[in-house]
Structures are given as C-alpha cells and as structure tokens.
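The values are calculated or read from the model by the stated rules, or taken from the named source; none is laboratory data. Here the structure is a predicted model, which is why all the values come from computation and not from measurement. Cβ placement follows ideal geometry from the backbone for every residue including glycine, while neighbour counts extend to all protein chains displayed. Ligands, DNA and RNA are stripped out before the accessible areas are found, and what is left, the full protein with its side chains, is counted by its heavy atoms. Shrake-Rupley method; radii C 1.70, N 1.55, O 1.52, S 1.80 Å.
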Amino acid sequence: MTRTHEPPQPAAAEAVPGAPAAVATRGLTKRFATGQVAVDGLDLHVPRGAVFGFLGPNGSGKTTTIRMLLGLVRPTAGTVHLLGEPMPDAAARVLPRVGALVEGPAFHPYLSGRANLGRVDAADATTDPRTRARRVEEALERVGLRAAGDKRYRQYSLGMKQRLGLAAALLRPRDLLVLDEPTNGLDPQGTREVRHLVRELADGGATVLVSSHLLAEIEQVCTHVGIMGRGRLLLQGPRAELTARRGVHAVVRTTPAHVEAGLAELRRLGLPDARADARAPGPADEPTLVAGLPDDAPPPQEVAAALVRAGVDLVAFDVRRPSLEEVFVELTGEGFDVAR
Amino acid sequence: MSPADVAAPARAAEDARYAPRRGALGRLLRSELRLVLGRRRNVVLLVGLALVPVLLGLVLFLTRDTALAGQGPPFVTSVTSNGLFLVVASLFLCLPFLLPLTIGIASGDAVAGEAAAGTLRYLLVVPVGRTRLLLVKACAALAFAAAAVLAIAVVGLVAGAVLFGLGDLTLLSGDTIPLSAGVLRVAGVVAYVGLSMTGLVAVGLFFSTLTEVPVGAMAATVVVAVVSSVLGQLPQLEVIHPYLLTTHWFDFAEMLRIRPDGGVLAEGLAVQAAWVAVFGSLAWARFTTADVSS
Ligand SMILES: Nc1ncnc2c1ncn2[C@@H]1O[C@H](COP(=O)(O)OP(=O)(O)O)[C@@H](O)[C@H]1O
Ligand SMILES: [Mg+2]
C-alpha cells in the first residue's frame, strides 16, 4: 500500500516481476483553461498483470487522467509511460497494444454495429485487413452482440452501446485495457458480465485499468486499487493490503444485561476502544459491541473464547474488515457518491 | 542461451505484429469516403444539386417557344440552342450560394462531426495520427466537393443532351468550335469551378477543428463565402478584391473565349492555393495540439 506522498514502491506491487509497469505517471497534472485543476500531481502505478480499480466520485478526475494516459489531452505537467514507453511520443507504437473505452462508447449512429467495428479496424494501420471480418465477428460474439450486429447503432439500448464499445477495444489481443466506467448503463446482469470479461482478460495475461464511481460494482475483480478524490490520488496499492491492515474489527452480539461485562472483558484483553454500537443493525435485545483489533491484540478466536469464559452471553461473533468504501470515507471524510 | 537471446526473436515478432502495414492510409481513406459519400444527408445534398440542371432544363424547355424565351442571365439564354450550355448555366446558378452551402456543410462537419459524436477520441486512440487523420478528412471533404460539382455537371450534360441536343459550341466571342472541342472547354469550366472550391474546403476544415458543434463550423464556413462575395461588390474595397476567396470564381468564363487567358485562370487558382495553404496550416496547427475532451 502506497500513500502517494511517500516514495513509490513499485517492486512491492509488481504482479509480473521485471516487466515495466503497464501504467506509470509522474506528477501528472491537468489545469484546464477554466483554471480548474482536474488532476493534481498524480503518481499512478499500475503493475503488469494487475486488475487496477481506478475509483473515485464523479468529477474526481478519472476520465481526465485516462485522456492524458491515451494522449487525447496534453498534461499541464508530468509524464506518462504506458507499457514502458513515453506517451504521447510513442503513441503509434504503444496504442495498438491498448484497448480503450473512454467516457462511454461513441459510434456513428447511422451505421450498424458491425459496420462501426469495421470502420474502427480499418483505421488501425497495424491490423491485417484479411482477418478483419473474422475478428469483428469474434468481438461481437464475445460481448453478446452477434445477433444485433446488423442493427443501426442508434437503435441500440444503452447497454448494447456499452457492449459495442467493449467489442471495439477487443478487436485484437491487447496488453493493456483502459476501461472508463464500463458498467455505466448496464443492468445487474450486464455488470456481472463485464466483471466476468475483465477477469477473463486478466487471466489471459492482459493488464486492466478499470474506472468506476460505483465502487461496489468492480471492487471484487480488482487486484489493485487507486482511489481518487478531488483530482488527487489518495491511495493506491494491492486491494488485499488496503483492507487487511486498516481497522479490522471484532463485532460481538450479546444480551442487554451483558453489555457492561462484555465491554470490560474486551478492554481487559487489550482492546481499549471497545464500545457499544447503537447504530448496528439487529434487534434491540441483541446489542452490538465493536472493538478494533490492533496487530498486538489476541487473535479473534481467543477473544471469543475469553468472552465465553467470562460468562458473557455470546449471541454472535464476527471479524469484519472494512469495505473499500469505509476506507474511502475514512480517508476523505466524505461519502463516495458525492458529486464535486 | 542467455535470456536476452531468447527474448530477442519474441520481441521481433512482437514488433512485427504492431508495425504499420502497407496500404493502411488507403484503407482508412476508403473507409472515410464510404462514410462521407454514403451518408444520407450528404446524398440528399448531392441529389439537390443534381436537380438544379434538371429543373433549369425543364423550365427552359417548356418556355422555349413563348415570349419568355431568351431572357435571363448569361449562359442561360444559350441553353436552348445547345444542351452543352446547361452544364455551364447550372454551375453559374449554383456558384453564389448552393455550392458553397453544400461544401460548407460537408467540410465543416469533417472533424467537428466526429468530435460531437465522440468518435474522434476513438479514432485517435486506435491510433490514427492526428496529421494523418486531418489529411484523410481533407481528402474526403475535397472528394465531396468534387462530387458536388460533378453531380451538377454530369446531370446537366445528360439533361441538356436529352432536352436540347448537343452541337457545335458558340463561344462568347461568337466564334463556333466543333462539339469535341466544346466538350473539352466545358470540362475545363467544370475543373476550374471544382478547384475554385478548394479554398472554401480548407476554411471549413479549419473551422471544423475549432469546435465540437458541427453546425457552428458549417455556418461559419458558409458565412465566409457570403461575406467574401459581399465585400467583392464594394468598390471601396477594391484593393483587397484580388485576394478574396470568391473574386475569381466566375473567371471560368475565360474557358469559353476563343483564346482563354491562361494568366487569368492561373491567378484564380493561385488565390485558391494561398487560401488552402493558410487555412490548411491553421487547421493542422490547431488539430495537432488541441485537447480532445469531447
Ligand atoms: N474540458 C474540460 N474543461 C474544463 N473542465 C473540465 C473539462 N473536462 C473535465 N473538467 C472538469 O474536471 C473535473 C474532473 O472531471 P472528470 O475527469 O471527467 O472526472 P470523473 O471522470 O472522475 O468523473 C470535473 O470537475 C470536470 O468538470
Ligand atoms: Mg468520468
């Protein structure tokens, strides 16, 4: 886990050792003509082979960052390396290896989905025109659009448009996929399919950078996470580390008569912040006690056993790791879905 | 073998897989032409232009034996005696407004249309280099301008032949040249008019790189053509007249003199070349540096 103001520790997060990072930025900054600093001093590090969840509320600078990664927007300051090569100078060499979805799909409305993919492929100077038809069919198949391939794009539903955008990114094998809010507009089933696709791509050896303002939608597929807030990268690193080291809690449900005894026993065990949690869900006659488990605390099974030995009614016992959302709220002091 | 020896062939294969292939520019250009010339709005515009010679021909045909015959602007009066003149008369009528309107729409849309649809960002990340993309857009806009002029010319020729028949061409001076030479002269007129549109295409392309609102770029392009011809009518501004976009448009008539003055034609084309150079450079400078945040 790397707080961005500490020196970056790429080696620790390297999913494929030795290979240059899939995405590496230094001090990446964008100040728009309006004076707004949309992205502020980003040191982003996405190791090869990672599924990197690029998370942050609406307006936190995710899309602007992605535009700079891909050479669409010129940084005010800072550098970008994709797959070890400098952007935008090496765009012609690097971008054929990168599939991208940026701020929603966009195609010609009066062309069919199939014709649109053909046009995207015809624009790629590095693909073989003889295999185009086959690759277009495969890409359509992969996102479940084969049957609707001859419909005009304008007749597509939002979900179908999003799928076509993914198909365009998958017209050829890629080393890196940059997917900006790929689940936007999809129903729960579509969202599951995108997660499945991301996992499949990662299994095939690709690095995936996937952004979202809805953390819960992609949290589960990520190996790494970066959290944006107000243009800054607040936190990045392997997901497991983010949630493991930070605030593991013992949650004890007991009976009203045993609240005081329970708290006393928890404190005796070296959990000084033990407290009754009045807002916890659950029936009123089963109050909840919460206690942080610092590294030097006894392991959870001993805590449970000690409570039983002390005669405290144990209705339920649980160890809870904070969700990423809780980590985020803790970091920023604000909810996840607030607009800027 | 050291790891480096093993990696080298793999890297070479990798490089080959991502190397540009022969004919790539041609493929993109074909795709672009199909898009521009296949687009329904553009086809409607071309059909609209093609209707001008048909309507003009029919009006002249139906009134040819009445008191109204033989009236009208130059070239129009000659149509009934020789169908070849229908081509020239139709171009003459379309030049002030219809042709600039059509070409302004197509060239103003070139980049701004892709920006508005959001497809521009996807072309750039394919990747298509910005200079290459602008070049392809310029070629397609020029091809559309050529198609517009040719639509008038070809339909004018056919309609003229059917309604009035083709014959030896009577030039402005009153001299008559044989049909074959006459066809060549009219082809020269068509070519000159087509080349006269290149400056406007460049202007439209430049405006198109400035905005994500295609209608704005289209309107601005048409306004440039209109303002240019208004300025061309103010004698007070005579000193700038030679450099205006529209001043030399009607010099195509030179082709219909017994001895066309090459100097006059060359001057008209040189002015167009200058507009192309200036606005082409501006478009390039803008497009290769602009943030694409559409
Ligand atoms: N072209 C632009 N000009 C000015 N401000 C912009 C532009 N694009 C984005 N912004 C601003 O930058 C901030 C970050 O936007 P964005 O990168 O789209 O955030 P996200 O993708 O995380 O929702 C927002 O406040 C947005 O209004
Ligand atoms: Mg966004």
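Using packing as a proxy for protection, rank A:61-67, A:76-82, A:122-128, B:154-160 so that the peptide with the highest average count of other Cβ atoms within 10 Å comes first.
Ranked by mean Cβ neighbours within 10 Å, highest first: A:61-67, B:154-160, A:122-128, A:76-82.
If you average the sequence gap of Cα pairs under 8 Å that are 6 or more apart and divide by the length of the range A:21-244, what percent do you get for the contact order?
The normalised contact order for the range A:21-244 reaches 30 percent.
With axes computed from alpha carbons, what is the tilt in degrees of helix B:84-94 against the longest principal axis of chain B, rounded to the nearest 10 within 0 to 90?
Computed tilt is about 60 degrees.
Which whole number gives the average, over all residues in A:83-93, of C-beta atoms from other chains lying within 10 Å of the residue C-beta?
Average per residue, whole number: 2.
Using the basic label-point model (7 angstrom from Cα toward the beta carbon), what is the A:Thr76 to A:Asn58 distance in nanometres?
2.4 nm
Accessible area of the protein assembly as shown with a 1.4 Å probe: how many percent of it is carbon plus sulfur?
60 percent
Relative contact order for chain B: what is it in percent, counting Cα pairs under 8 Å that are at least 6 residues apart?
Computed value for chain B: 23 percent relative contact order.
For A:Met228, which sequence-distant residues (separation of 5 or more, or a different chain) have an amide H within less than 5 Å of its own amide H, given hydrogens modelled in the peptide plane?
Under 5 Å from the amide H of A:Met228: A:Leu55, A:Gly56, A:Leu234.
Kindly report, to the nearest 10 Å², the accessible surface of B:Tyr192 as traced by a 1.4 Å probe over protein heavy atoms only.
Here the accessible area works out near 10 Å².
Mind jotting down the distance between the C-alpha centroids of the range A:22-62 and the range A:263-300, whole Å?
Between the Cα centre of the range A:263-300 and that of the range A:22-62, the gap is 38 Å.
Taking 25 °C and 0.890 mPa s as the conditions, I'd like the Stokes-Einstein D for the range A:249-320 in µm²/s, using the Kirkwood hydrodynamic radius from alpha carbon pairs.
Using the Kirkwood radius from Cα pairs, D works out to 208 µm²/s.
Put +1 on the Cβ of each Lys and Arg and -1 on the Cβ of each Asp and Glu in the range B:88-217; which of B:Ala106, B:Val125, B:Ser180 then has its Cα farthest toward the positive end of the dipole?
In the range B:88-217, that residue is B:Val125.
Ranked highest first by average number of other Cβ atoms within 10 Å, how do B:40-51, B:228-239 line up?
Those peptides, ordered most packed to least, come out B:40-51, B:228-239.
Checking the a/c ratio against 1.5 first, then a/b against b/c, what shape does the Cα gyration tensor give for the range A:21-244?
prolate
Helix-only mean residue ellipticity at 222 nm, the protein assembly as shown, DSSP H runs n ≥ 4 weighted -39,500 (n - 2.57), per residue, nearest 500. What is it?
-15500 deg cm²/dmol
Positive end of the dipole of the protein assembly as shown, charges at C-beta (+1 Lys, Arg; -1 Asp, Glu), about the Cα centre: which of B:Val76, A:Gly104, B:Trp275 has its Cα farthest in that direction?
Farthest towards the positive end: B:Val76.
Would you work out which of B:Val215, B:Met197, B:Gly165 lies farthest towards the positive end of the dipole of the range B:23-289? Charges go on Cβ: Lys and Arg +1, Asp and Glu -1.
B:Val215
May I ask for the equivalent-ellipsoid semi-axes of chain B, computed as the square root of five times each C-alpha gyration tensor eigenvalue and listed largest first in whole Å?
Equivalent ellipsoid semi-axes, largest first: 44, 21, 18 Å.
For the range B:244-250, in order, what is each residue's ³J(HN,Hα) by Karplus, 6.51 cos²θ - 1.76 cosθ + 1.60 with θ = phi - 60°, in whole Hz (x at glycine and Pro)?
Computed from phi, the couplings for the range B:244-250 are 5, 4, 9, 3, 9, 4, 8 Hz.
Roughly what angle does helix B:198-210 make with the longest principal axis of chain B, taking Cα atoms, 0 to 90 degrees, to the nearest 10?
40 degrees
Quick one: putting +1 on the C-beta of Lys and Arg, -1 on the C-beta of Asp and Glu, what dipole do you get for the protein assembly as shown around its Cα centre, in Debye to the nearest 20?
Taking the Cα centre of the protein assembly as shown as origin, the dipole is about 1300 debye.
Could you sort the peptides A:170-181, B:65-76, B:272-283 by per-residue average Cβ neighbour count (10 Å cutoff), highest mean leading?
Descending mean neighbour count gives A:170-181, B:272-283, B:65-76.
I'd like the accessible area for A:Arg275, computed on protein heavy atoms only with a 1.4 Å probe and all protein chains in place. Round to 10 Å², please.
110 Å²
Given +1 on the Cβ of Lys and Arg, -1 on the Cβ of Asp and Glu, and no further charges, what dipole in debye does the range B:23-289 carry about its Cα centre, rounded to the nearest 20?
1000 debye
What number, in percent, do you get for the relative contact order of the range A:249-320 if the mean sequence gap of Cα pairs under 8 Å and at least 6 apart is divided by its residue count?
Relative contact order for the range A:249-320 comes out at 49 percent.
Helix B:3-17 sits at what angle to the longest principal axis of chain B, using alpha carbons and giving 0 to 90 degrees rounded to 10?
The angle comes out at about 20 degrees.
Charges only on Cβ, +1 for Lys and Arg, -1 for Asp and Glu: so what's the dipole of the range A:139-230 about the Cα centre, in debye to the nearest 20?
Roughly 380 debye, rounded to the nearest 20.
Using a probe radius of 1.4 Å on protein heavy atoms only, what is the accessible area buried between chains A and B, both sides summed, to the nearest 100 Å²?
Roughly 3100 Å².
Averaged across B:125-135, how many Cβ atoms of other chains sit within 10 Å of each residue's Cβ atom?
6
Quantify how strongly other chains surround peptide A:99-110 by giving the mean number of their Cβ atoms within 10 Å of each of its Cβ atoms.
Mean inter-chain Cβ contacts per residue within 10 Å come to 4.
Once R0 is set to 51 Å, what does the formula 1/(1 + (r/R0)^6) return for the Cβ-Cβ distance between B:Arg21 and A:Ala216, expressed as a FRET efficiency to the nearest 0.05?
After rounding to 0.05, the efficiency reads 0.75.
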